Each structure stands twice: as structure tokens, then as C-alpha cells.
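Beneath this line is the structure, given in C-alpha cells, with notes to follow.
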Amino acid sequence: SLLGDEYDLVEAFLRPNGKLATGYPCPEPEGCGCVHAVVEHAPDDIVAVCRCTPRRCEAIPLRRQDIVVYELNRSALGASIASALQITQDEKAAVDGLPMTSQIGTYSPYAGFRFPVYLTIQMEPDEFERVVDGLLCRNDKPFILLTPTRDLCPPALERRIEARNSALIVLSEDFAFRDKSGLRLKRSPDVILARFRAVN
């Protein structure tokens with residue numbers, strides 16, 4: 001519901017996580033506004049029941065696909081980012097000890113130069129800083145870190161990244177949806193990575 005008309009663009013980066021929702025938002029504009037309880041009487045008899053006391057809304061018939069829970073398909077997102085940035089995709093397992101962080105590829109601007117490219121998706125500033133600290137400690141060479149927005153990265157933290165000749169790339173600033181098939185860059189990869197190449 002938050003994505004609205006842009007849901008179709010994002011759908012390629014979502015996948016079912018194997019769970020079914022236990023709640024369903026009230027769909028009526030003038031309804032109660034609560035999250036209705038999902039009640040499954042049988043595989044083909046599922047309803048969303050108002051939890052208000054007294055009940056303000058009628059039970060809503062649902063289909064199984066209405067209650068499938070989706071999650072971010074990090075592999076598909078990483079592949080689309082790698083393709084747009086023209087980096088070698090070699091996704092590895094999540095970075096040990098750094099939640100929601102994985103290496104999505106390697107940037108090789110010239111023969112003999114290989115720099116890891118990481119994607120992290122964090123919700124709290126402290127967690128984002130912990131990821132940056134972890135990557136700075138683990139890497140003896142420069143790296144590229146991608147993150148959805150700049151909101152969690154204060155200027156001082158970005159300066160620490162740059163002091164190690166590494167780079168922060170912000171998806172919301174440099175990427176846009178091409179169509180339902182993936183992402184595109186707003187600027188060329190050479191422009192986005194020019195400073196990184198120059199210092200390394």
C-alpha cells in the first residue's frame with residue numbers, strides 16, 4: 001500500500017518468504033482502520049475479521065494469495081545493481097557478523113585492480129555505523145558500499161569511508177527504475193565512480 005502505483009516496478013525485487021499473514025489492513029476508506037485478524041476455516045475459506053469491539057466491519061473474504069508475505073529478494077536487487085553499475089556480479093554469502101550486508105560484486109576498473117562492492121540495508125543509524133566500522137576493519141584495501149538512502153550516514157561517517165579511499169553510493173541518488181525489469185543509473189558508471197578510480 002505504501003508503494004501505490006510503483007508496486008509493479010518493485011515487484012521484481014520481492015519474493016514470497018513462505019509465511020502467511022495473520023493480519024489484513026481494513027480496506028474500507030470509512031472503515032474502522034484496524035488490522036483485521038485473518039481466520040482460515042479451510043484452504044478455500046479465508047476471511048479477515050474486524051477486531052474492534054463492537055465489530056464495525058463485515059468479514060472480508062480472502063484468497064490465499066491475498067495473505068502471502070513477501071520479502072526483499074536481495075539476490076535479484078544485487079544482480080540489478082551490478083548490471084547497472086557494470087561490475088562483476090559474484091554475490092557471496094552475507095558478510096559474517098554484519099546483518100543485512102552482503103558482497104554483491106567486484107569492481108575491476110583496470111587489470112590487476114579488484115575492489116569488493118557491498119550492499120547494506122539498515123534501519124537504524126547505530127547499525128549502519130557498525131556495518132561501516134566492520135567493513136573498515138575487515139578490508140585492507142578500498143571498497144564500495146551501497147545503501148538505499150543517505151539518511152543513516154552522517155557526513156563524519158562518510159568522511160571516514162572516504163579517508164580509506166573507499167566510496168559510498170546511495171541508491172536513491174544514483175539509481176532509478178528502468179521498468180519492471182530492473183534498475184538504471186541516472187549518471188554513467190564512469191561518472192559515479194570517477195573519484196573512487198582517481199584515488200585508487
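Residue check: Phe143 meets all listed conditions (1) exposed (fewer than 15 other Cβ atoms within 10 Å of the Cβ); (2) of a type in the set (A, V, I, L, M, F, W, C); (3) closer than 15 Å to Ala167 by Cβ but one, namely (1). Tell me, yes or no, whether region 175-196 has at least one residue that is open to solvent by 40 Å² or more (accessible area, probe 1.4 Å), β-branched (Val, Ile, Thr), touching a Ser or Thr at 6+ places or on another chain (Cβ under 6 Å) and closer than 30 Å to Glu6 by Cβ. No. Return yes when Val47 is assigned to a strand (DSSP E or B), modelled with pLDDT of 90 or more and over 27 Å from the mean Cα position of the chain (by Cα) and no when it is not. The answer is yes for Val47. For region 1-44, a residue qualifies if it is among the β-branched types (Val, Ile, Thr) and either more than 30 Å from Ala79 (Cα to Cα) or assigned to a strand (DSSP E or B) (or both), and the qualifying residues are Thr22, Val35, Val38, Val39. When region 50-63 is limited to residues that are open to solvent by 30 Å² or more (accessible area, probe 1.4 Å) and of a type in the set (A, V, I, L, M, F, W, C), the one that is nearest to Ala21 (Cα to Cα) turns out to be Ile60.
Within region 94-126, being of a type outside the set (A, V, I, L, M) and in a loop (DSSP other than H, G, I, E, B) holds for Asp96, Gly97, Pro99, Ser108, Pro109, Tyr110, Gly112, Phe113, Arg114, Gln122, Glu124. In region 65-84, the residues that are under 27 Å from Thr22 (Cβ atoms) reach residues that are of a type in the set (Phe, Trp, Tyr) with C-beta atoms within less than 6 angstrom, at least six apart or across chains, in these pairs: Asn73/Phe13; Ala76/Phe13; Leu77/Phe13.
Gly105 satisfies every condition listed in (1) open to solvent by 10 Å² or more (accessible area, probe 1.4 Å); (2) in contact with a strand residue (DSSP E or B) (Cβ under 7 Å, 6 or more places away or on another chain) except (1). Being open to solvent by 70 Å² or more (accessible area, probe 1.4 Å), in contact (Cβ under 8 Å) with a residue 12 or more places away in the chain and over 30 Å from Arg184 (Cβ atoms) is a description that does not apply to Glu11.
Against the list (1) in contact with a strand residue (DSSP E or B) (Cβ under 8 Å, 6 or more places away or on another chain); (2) within 30 Å of Thr120 (Cβ to Cβ); (3) of a type in the set (Asp, Glu), the condition Asp8 fails is (1).
With respect to the stated conditions, Glu124 fails to be over 26 Å from Leu9 (Cβ atoms), of a type in the set (D, E, K, R) and open to solvent by less than 50 Å² (accessible area, probe 1.4 Å).
For region 64-83, the set of residues classified as over 14 Å from the mean Cα position of the chain (by Cα) and open to solvent by 20 Å² or more (accessible area, probe 1.4 Å) consists of Arg64, Gln65, Asp66, Val68, Val69, Ser83, listed by residue number.
The values are calculated or read from the model by the stated rules, or taken from the named source; none is laboratory data. This structure is a prediction, so every number in the text was calculated from the model and none was measured. Please note: Cβ atoms are built from the backbone with ideal geometry, for glycine as well, and neighbour counts cover all protein chains shown. Surface areas here come from the heavy atoms of the whole protein model, side chains and all, with no ligands, DNA or RNA. Shrake-Rupley method; radii C 1.70, N 1.55, O 1.52, S 1.80 Å.
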